[in-house]
Amino acid sequence: MNLPNKITVSRILLIPVFMFIMLYPFDWGMVSILGTEMPASQFTGALLFILASVTDWIDGYYARKYNLVTNLGKFLDPLADKLLVSAALIILVEMGLAPAWMVIIIISREFAVTGLRLILANEGEVVAANSLGKIKTWTQIIAISALLLNNFPFEPLHIPFAQFALWVAVFFTIISGWDYFAKNKNALLNSK
């Protein structure tokens, strides 16, 4: 297994740690950063989510720079993103920080595109993430990070950035999902 794929696997392995920190009722006190207050466990979980998310850029950078792009990486990288984002979004619903209907739209799109990828893989095609898919992933990561950090650093300014970012993420989730199906419509219709 090459370095980018190991980095991707590390992202997957960070997910249960992130979930444990976010869902287990640790009493580490409160953290206050520039007027934004949150439980220390939530702050720690948010930093862990951000760290795991940054590995998405790192593995892609190394894979492209050193020509280490593999079919395994094309499969694992979007899977790792979907697992991390889905776990974080479900936790945000549990915490009352994200509406369930938005999370359902995002997760439904992820299942649909994964299903499309599996059908196309059965036909011998591997569908790598395209630019809209990458924009979708980063808008989701930004929105989730802002929500996990209680809208830091915008909360003291009374700017609802986290909520706006979530709307943007839902928009790109829908658009990128539509794009995947539109571009692969013929292959999907002609699959056995």
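The values are calculated or read from the model by the stated rules, or taken from the named source; none is laboratory data. As the structure is a computational prediction, the values presented were derived from the model and not from experiment. For neighbour counting, all protein chains shown are included, and Cβ atoms are generated from backbone atoms with ideal geometry for every residue, glycine included.
Residues considered: Leu23, Leu51. Of these, the only one that is under 30 Å from Pro160 (Cα atoms), touching an Asp or Glu at 6+ places or on another chain (Cβ under 8 Å) and touching a residue at least 24 places away in the same chain (Cβ under 8 Å) is Leu23.
Screening the stretch 9-56 for residues that are within 16 Å of Asn151 (Cβ to Cβ) and of a type in the set (Phe, Trp, Tyr) and picking the one that is surrounded by the most Cβ atoms within 10 Å (Cβ to Cβ) gives Phe49. A search for C-beta distances below 9 Å between a residue of the stretch 60-81 that is farther than 24 Å from Gly177 by Cα and any residue that is hydroxyl-bearing (Ser, Thr, Tyr) and in a loop (DSSP other than H, G, I, E, B), counting only pairs 6+ apart in sequence or on different chains, returns Ala63/Thr70. When residues in the stretch 116-148 are screened for being among the β-branched types (Val, Ile, Thr) and touching a residue at least 60 places away in the same chain (Cβ under 8 Å), 4 of them pass. Does Val85 satisfy the condition of being among the aliphatic types (A, V, I, L, M), touching a helix residue (DSSP H, G or I) at 6+ places or on another chain (Cβ under 8 Å), surrounded by 17 or more Cβ atoms within 10 Å (Cβ to Cβ) and under 24 Å from Lys6 (Cβ atoms)? Taking the combined requirement at face value, the residue satisfies it.
Just for the stretch 25-48: of the residues that are in a strand (DSSP E or B) and among the aliphatic types (A, V, I, L, M), which one is nearest to the chain's Cα centre (by Cα)? Among residues in the stretch 25-48 that are in a strand (DSSP E or B) and among the aliphatic types (A, V, I, L, M), the one nearest to the chain's Cα centre (by Cα) is Met38.
Return yes or no: is Glu110 charged (D, E, K, R) and out of contact with any Leu (no Cβ under 8 Å at 6 or more places or on another chain)? Answer is yes for this residue. Annotation note: of Ala187, Ala162, Ala129, the sole residue that is hydrophobic (A, V, I, L, M, F, W, C) and touching a Pro at 6+ places or on another chain (Cβ under 6 Å) is Ala129. Condition test on Leu120, is it at pLDDT 95 or above and of a type outside the set (S, T, N, Q)? Against the criterion (at pLDDT 95 or above and of a type outside the set (S, T, N, Q)), Leu120 does not qualify. Would you say Ala98 is small (Gly, Ala, Ser) and buried (at least 16 other Cβ atoms within 10 Å of the Cβ)? So Ala98 passes the test. Taking Lys6, is it basic (Lys, Arg), crowded, with 16+ Cβ neighbours inside 10 Å, more than 14 Å from the chain's Cα centre (by Cα) and assigned to a helix (DSSP H, G or I)? For Lys6, the condition - basic (Lys, Arg), crowded, with 16+ Cβ neighbours inside 10 Å, more than 14 Å from the chain's Cα centre (by Cα) and assigned to a helix (DSSP H, G or I) - is not met. Number of residues in the stretch 67-85 that are more than 22 Å from Ala165 (Cα to Cα) and in a helix (DSSP H, G or I): the value is 8. Apart from one condition, Asn150 fits all of (1) farther than 24 Å from Val54 by Cα; (2) touching a Ser or Thr at 6+ places or on another chain (Cβ under 7 Å); (3) among the polar types (S, T, N, Q); the exception is (1).
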